[in-house]
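*Asks:* Before I ask anything, here is the structure I am working with.
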Amino acid sequence: EGMGVAWLMSKDHPLTGIGLYTFVYHLPGNTRFGGAHELTEAFGELWPVVHNTYLIVWSELGTFGLVGLLGVLIFVPWTGYRALAYLRDPQVFAMVIGGIGGIAAITLDVMSSFYLRNGPGRRTFWIVAGIVVAGSYFAKRHRNRASAE
């Protein structure tokens with residue numbers, strides 16, 4: 001049911017969304033449970049969030065937000081992948097490969113979770129993304145040195 005609600009919110013506000021971190025505030029009246037009182041009776045004080053980060057982002061931030069998220073999830077691994085051809089340092093190579101794998105795992109995981117919505121998940125994602133991008137800069141910086149040797 002959560003995916004259907006998120007889809008309807010995305011259809012109603014396709015470009016800008018309903019607002020960051022406001023998904024649960026828009027649940028009353030949009031679910032089969034009815035209003036706020038019925039949702040509280042059914043779920044308690046913590047109402048459910050759809051377990052799909054792409055749908056949450058699309059419903060809250062609209063198409064612009066979803067395109068931004070997808071852009072980051074494509075740009076970071078692509079940047080790391082391009083750097084692999086020039087990386088000669090085995091430790092940095094391993095970190096970039098691991099980072100690409102981590103971003104790929106997160107990209108798949110968020111189809112059935114809201115991992116990136118939690119503080120630890122967000123921090124882990126950006127640390128891994130930073131490692132991949134730093135490895136890319138390392139590769140660019142040392143590319144000319146490797147070809148000169």
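The values are calculated or read from the model by the stated rules, or taken from the named source; none is laboratory data. As the structure is a prediction and not an experimental result, all values here were calculated from the model. Neighbour counts run over all protein chains shown; Cβ positions are idealised from the backbone, glycine included. All accessible areas refer to the heavy atoms of the entire protein, side chains included, with ligands and DNA or RNA removed. Shrake-Rupley method; radii C 1.70, N 1.55, O 1.52, S 1.80 Å.
*Asks:* Just in region 32-62: which GluC sites (Glu not before Pro) are loop by DSSP and have at most 10 other Cβ atoms within 10 Å?
*Replies:* Glu45
*Asks:* Now, a different point. Would you mind giving the three semi-axes, in whole Å and largest first, of the ellipsoid equivalent to the chain according to its Cα gyration tensor?
*Replies:* Working: eigenvalues 336, 42, 19 Å².
Each semi-axis is √(5λ); the values are 41, 14, 10 Å.
*Asks:* Then there is this: Roughly how many percent of the accessible protein surface of region 1-64 is carbon and sulfur, given a 1.4 Å probe and a whole-percent answer?
*Replies:* That share works out to 65 percent.
*Asks:* Would you mind calculating the gained length between Lys11 and Met111 on full extension (0.36 nm times residue separation, minus the Cα-Cα distance), in nm to one decimal?
*Replies:* Answer, rounded to one decimal: 34.1 nm.
*Asks:* Further question: Can you tell me the convex hull volume per residue for region 64-149, based on C-alpha atoms, in Å³ to the nearest whole number?
*Replies:* Here the figure is 83 Å³ per residue.
*Asks:* Continuing with the same structure: What helices in the chain pass both tests, a Cα length along the helix axis of 18 Å or more and a mean Kyte hydropathy of 0.0 or higher, using whole DSSP H runs?
*Replies:* For the chain, where a helix must reach 18 Å along its axis and average at least 0.0, the hits are 53-84, 90-109.
*Asks:* Calculated from DSSP H runs of 4 or more alone, at -39500 (n - 2.57) each and per residue, what is the 222 nm mean residue ellipticity of the chain, nearest 500?
*Replies:* -23500 deg cm²/dmol
*Asks:* Sticking with this one: Per residue, how much accessible area does region 85-149 show when a 1.4 Å probe rolls over the protein heavy atoms, in square angstrom?
*Replies:* Numbers: 4100 Å² over 65 residues.
About 63 Å² of surface per residue is accessible.
*Asks:* Determine the gain in length on full extension of the stretch Ala94-Tyr81; use 0.36 nm per residue of separation and subtract their C-alpha separation, reporting nm with one decimal. Could the numbers behind the result be given before it?
*Replies:* Numbers: separation 13, 0.36 × 13 = 4.68 nm, distance 1.19 nm.
Using 0.36 nm per residue and subtracting the Cα-Cα distance, I get 3.5 nm.
*Asks:* How big is the Kirkwood radius of region 54-93, worked out from every pair of different alpha carbons and given in Å to one decimal? Please list the in-between numbers first.
*Replies:* Working: mean 1/r = 0.0851 Å⁻¹.
11.7 Å is the Kirkwood radius here.
*Asks:* Put a dot 7 Å past each Cα toward the Cβ at Tyr25 and Glu45; how far apart are the dots in nm?
*Replies:* Using points 7 Å along Cα→Cβ, the separation is 1.9 nm.
*Asks:* Give me the percent relative contact order of the chain, please, defined on Cα pairs under 8 angstrom at least 6 residues apart.
*Replies:* Averaging sequence separation for qualifying contacts and normalising by length gives 26 percent for the chain.
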